[in-house]
1. Within the group S278, S273, which residue is closer than 13 Å to P361 by Cβ, part of a loop (DSSP other than H, G, I, E, B) and open to solvent by less than 20 Å² (accessible area, probe 1.4 Å)?
2. Scan the stretch 712-733 and give yes if some residue there is closer than 30 Å to V186 by Cβ, touching a residue at least 24 places away in the same chain (Cβ under 8 Å) and in contact with a Leu (Cβ under 8 Å, 6 or more places away or on another chain), otherwise no.
3. Is it the case that some residue within the stretch 768-791 is at positive phi and of a type in the set (S, T, N, Q)?
4. Going through the stretch 459-479 one residue at a time, which ones are closer than 18 Å to I767 by Cβ and open to solvent by 40 Å² or more (accessible area, probe 1.4 Å)?
5. Being in a helix (DSSP H, G or I), closer than 30 Å to A134 by Cα, at pLDDT 95 or above and in contact with a helix residue (DSSP H, G or I) (Cβ under 9 Å, 6 or more places away or on another chain) narrows it down to one residue among A440, A444, A480; which is it?
6. Take P655 and tell me if it is under 24 Å from A178 (Cβ atoms), surrounded by 11 or more Cβ atoms within 10 Å (Cβ to Cβ) and at pLDDT below 90.
7. Can you name the residue in the stretch 389-399 that is under 14 Å from A440 (Cα atoms) and not acidic (D, E) and is also least open to solvent (accessible area, probe 1.4 Å) among such residues?
8. I want to confirm something. Restricting to the stretch 219-270 and keeping residues that are more than 27 Å from P371 (Cβ to Cβ) and among the basic types (K, R), which single residue is most open to solvent (accessible area, probe 1.4 Å)?
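The values are calculated or read from the model by the stated rules, or taken from the named source; none is laboratory data. Here the structure is a predicted model, which means the values were calculated and not measured. Cβ sites come from the backbone with ideal geometry, for glycine too, and all protein chains shown count toward neighbours. Note: accessible area is taken over every heavy atom of the protein model, side chains too, but ligands, DNA and RNA are not part of it. Shrake-Rupley method; radii C 1.70, N 1.55, O 1.52, S 1.80 Å.
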Amino acid sequence: MTNLSLPGAAAVVIACGLSLAAQTPAPQKPATPATKPPMAVAHKTTSPAQPAAEPQPELVKQYCAVCHSEKGKAGGLSLASFDAAHADQTPDVAEKMIRKLRLGMMPPPGARRPEPAVLTQFVSALESKVDAAAVAHPNPGHRPFQRLNRAEYQRSVKELLDLDVDVNAFLPPDTLSAGFDNIADVQTFSPTLMEGYLRAAGRISTLAVGDRNASPSEATYKVPRTQSQMRHIDGTPWGTRGGIALTYTFPADGEYTFRVMLHGTPTGQLFGSVASRSEQLEVSINGERAALLDIDYKISETDKNGLNLTTPRIHVKAGPQRIAAAFIQKFDGVVDDLVAPIDYTLADTEYGDNAGIYILPHVRDFSITGPYKVTGVSDTPSRRRIFICRPTAPSDEIPCARKIVAALATEAYRRPAGGEDIESLMEFYGDARKGHDFEAGIKAAIQVLLASPKFVFRFEATPPTARPGQAYRISDNDLASRLSFFLWNTLPDAELIKAANANTLHTPAVLDKQVRRMLADPRAESLSTRFASQWLRLQDVEKIHPDALLFPSFDNDLAQSYIRETQLFFDSIVREDRSVLDLLTADYTFVNERIAKVYRMPNIVGEQFQRVTVPDERRGILGQGSVLMQTAVADRTSPVQRGKWIMEVLFGSPPPPPPPDVPAFDETKSATSDGKTLSTRERMEAHRKNPACNSCHRVIDPLGLALENFDTVGAWRIKDNGVPVDSNGVVYDGTKIGGPADLRQVLLSKSEAVLRNFTDNLMSYAIGRRIEYFDQPTVRAIVRKASQNGNKFSSFVFGVVDSPAFQMATADAVTTTAQ
């Protein structure tokens, strides 16, 4: 064969896979059902509701036709040609109507409306009409090829090689679609991304096997500027404060140096040099002190080493080690100074060298450099996972290498590795083995495997007999892959692969058993850290940096704790198989000392989270800091953002964007002409006087104002800018509300819409595509069946897994270009 450099060869491998993925499928027609739908799909999630009366077309003409005429097209929707009696013929239009009617948003506030019972009967009839047609012609939809996103790639590497690695340094951020980063329609593939996968494969294979020829390199980790370093940091030794803690995978046994850069003042002096002049910084490895550095309070950026402290060379073994750099705690007690200390310690570095304000040095970043004087590679978890055999003679090398490669390829490719798969990897093993040792060959095979399209892309096999546009049941191996990435966000394990290889996974009994096992597995925490975090937009918490003067209690610890609180809360819903509606009503949450101070909960001490009972106003996710802070701005609350969050995240009905000529809310005056400071509500009322704003704000604002007693960081308050908080309002359907409890009742009164939207999001995350109008009959069937089981979380999971969208696919109609 032609010799290629390893990166070049891997690029060829992945590029060849791309040529298959890049074929452009023709526009999909409604799927032609297979001769016999899979048994697990046929009856569980597509059965229609009980027969309802025929929809009454005259209701549309009487109440909807004026605004939704061909000329008016309110909301971009025309109902001029819509026939409710034949709603199944235009299901896309029918589904738009169903969503708005179920939420009670149409007819709009102030317009003439039919009696509630008439409206309910009409929408039920529409649903029955559409659902019956869907049962007769199931459409699993179409999804282009998927690739592993950053989180899936990282977790798959952990599952495959027992190696934790931060792939963010190699792969660009994933694009969000429908709120999730695993949606296939935006997973484009560029040369930059291909290069990222190749670089990741090279680095990961080196760390996994170890590198006896490693040359010194430097890795730097920054401490968030909003991180308070006046208290103990989780992961650092007790008796220390501030600093940083991380797990670092060392490539080889050898000597390493550790450098700490401290924060300075604007004039270049050491930040925090006045309050204490005998500070010390400890570098520890796995909890044991490796170096103790004295800090000269006189150092400055003009010195030879600047504000850097560097340890002597320290011998460290290969593999993952827990590294920490933290200050020795010299004082622990209540600080009594001219100015009380704040948590947002680096909000202003001007005071870092002034007397009268108790402040101490802070770590800015931390670097690890090495290895020097490599002495070998110790046993590591990843090496134990890889080297399932060891050659004792030259003749043993090929059989042993083939055994290792076959085991890794079977797990990485999510199906039994064929002879061609193994031989392809063995060629790279052979090329790298020449002139090097056995481990170098294995490392080369792993590098190619991690960049292979069969690992990076989630290709699914199409039966050779499937006609273009025809729906078919996916193979058990593909079903195993869908299950594992849905529930674990990683590769299928041995038991799941075994059931798939036996071709029994799709049978109801085996599938039920496997799903229950997977939900009970610790890896199912990805449902909270991945699915719930994206659905509830927890990533937005880190985008808010509250004003330090108004909210001095904020720091990075609080933001991260809020995120973890909601993740633990959602995880309890999963683990205890509670009702999904407990997301709105649960009387408990999880707090540590940092959160407890904001929530004003006594007797909560330490960094560990505890399950606690909450007062009525904090029930459910709407009382948690993660939701309240992400829907605020730096210096005030934002009822608009909070109402918008409820409409989008809980109801699945986002309001339209504001007109381009409408002034921003911040341009509204914050005080009257006589100098009186206005509350956020008063400023909103002035903003809403603009007729162009009122139509949307009368829907959004009352929902957000009900949470106005919570400030920017989620603390309860009774005044805003000295004005008593007024959380009263009238919801778009006429319901009067006055606080979190009333808002919760409004959401429960629309629980059907909330549950359907939850199912929309869960299914979208599970199948890796946007939910379309033809999926709604399945969504309704899942919600109906779950309601019979107390809306337990597992009922929704089983409903999604049993659905045609999850267990079936549609054969591509590939277009060819004439040469």
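1. Answer to the selection: S273.
2. Taking the stretch 712-733 first, the residues closer than 30 Å to V186 by Cβ are none.
Checking the stretch 712-733: not a single residue is closer than 30 Å to V186 by Cβ, touching a residue at least 24 places away in the same chain (Cβ under 8 Å) and in contact with a Leu (Cβ under 8 Å, 6 or more places away or on another chain).
3. yes
4. Of everything in the stretch 459-479, those that are closer than 18 Å to I767 by Cβ and open to solvent by 40 Å² or more (accessible area, probe 1.4 Å) turn out to be F459, E460, A461, T462, R473, S475.
5. On the way: A440 fails: closer than 30 Å to A134 by Cα; A444 fails: closer than 30 Å to A134 by Cα.
Exactly one residue qualifies, and that residue is A480.
6. Working: under 24 Å from A178 (Cβ atoms): yes; surrounded by 11 or more Cβ atoms within 10 Å (Cβ to Cβ): yes; at pLDDT below 90: yes.
For P655, the condition - under 24 Å from A178 (Cβ atoms), surrounded by 11 or more Cβ atoms within 10 Å (Cβ to Cβ) and at pLDDT below 90 - is met.
7. Result: P391.
8. Checked the stretch 219-270; the qualifying residue most open to solvent (accessible area, probe 1.4 Å) is R225.
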